[in-house]
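Just below is one structure, and these are the notes that go with it.
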Amino acid sequence: MRQRSALKRARWLFVVLTAGCGAGETAPHAHGHAPDAVAAIPGMSVYNLAGEWLDQFGRARPLDSLGGRVQLVALAYTNCAVACPQIVADMKRIEAQVPDVGFVLVSIDPARDTPDQLRRFAEGSRLPPARWTLLHGADDQLLELAAVLGIRYRRISDTDFMHSNVIVVIDERGEVLHRQAGLGAVEETVSRLREHLDRPSA
C-alpha cells in the first residue's frame, strides 16, 4: 500500500516537474549550481518503477537490475557543455575514493542520446562498464524517475535543458540514501557512502 501511494505521488509530480520548472526555481545548466526544487520521495524505491530502459550497449536494463549494490545516480545529457561534465567529474572523484559502488547516468535527451551515443560518451570519458551504467529511456519514464529522485529538468531549446545539478545516492534496495545538491563538494557524499558501506550487514 505504501509503495502504491508513493507511485501515485510520483506520477502526480510529472506535472510539477514540467509545469513548475520556471525561472527562479532552477537554473540553466550553463549557469552552474541549480537549486533543489523537489524533495525525493522518502521510502520509495526506484526499483518499483517499470519501463523499458536500454544501457550504453543497447541491452535491456530494467531499473531493478541495478539492485543489490549502492548506486550514485545523476540525470544529464552528453551534449551538455558545462554542468554535466562537472557532474561526471564529481562522480569520478567519488569513484576514486569509494570504488565499490555503481554509477548511473540517465540521459534526459533520449532523442540524441541513443545507446550508441551513450557508449561513445562512456568510452571517451573513460567510464568503465563494470561500474558505470548509462541509461536511455522514454520521456515518461524519465519524468517518473526524476520525480522519485527529486530532480527537476526541462528542455529550454532544441539543444539545451534546464536541470538540477544533483547526484543521488540510492541504497541496495533503491531508496534514496543521500543527495548531493550542487557541484564540487563531494566530501559529505564520500563520508555518507563510507558510513553506509561500513555498517554491519543485517
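The values are calculated or read from the model by the stated rules, or taken from the named source; none is laboratory data. Keep in mind that what you see is a predicted model, and the values were worked out from it rather than measured. All Cβ positions, even for glycine, are placed from backbone atoms using ideal geometry, and neighbour counts span all protein chains on display. Just the protein is used for accessible areas: all its heavy atoms, side chains included, with ligands, DNA and RNA removed. Shrake-Rupley method; radii C 1.70, N 1.55, O 1.52, S 1.80 Å.
Remark on F161: its backbone amide H falls under 5 Å from those of H29, I156, a criterion applied only to residues 5 or more positions apart or on other chains, H modelled at 1.01 Å from N. For region 92-202, the per residue solvent-accessible surface stands at 45 Å², with DNA, RNA and ligands left out and a 1.4 Å probe.
Note on V82 and T159: their simple-model spin labels are 1.4 nm apart, each label 7 Å out from Cα toward Cβ. Counting only heavy atoms of the protein chains and using a 1.4 Å probe, S191 has close to 70 Å² of accessible surface. Using only side-chain charges placed at the Cβ, +1 for Lys and Arg and -1 for Asp and Glu, the dipole size of region 103-202 relative to its Cα centre rounds to 180 debye. Modelled spin labels at R59 and R173, positioned 7 Å past Cα toward Cβ, are 2.7 nm from each other. How many percent of DSSP beta bridges within region 88-202 run antiparallel, rounded to 5? Roughly 65 percent of the beta bridges in region 88-202 run antiparallel, per DSSP. Would you please classify the overall shape of region 63-119 from the alpha carbon gyration tensor, given that a ≥ b ≥ c denote the square roots of the eigenvalues, rounded means a/c under 1.5, and beyond that prolate means a/b larger than b/c while oblate covers the rest? The shape class here is oblate. With distances taken between every two different alpha-carbon atoms, region 119-194 has a Kirkwood hydrodynamic radius of 14.5 Å.
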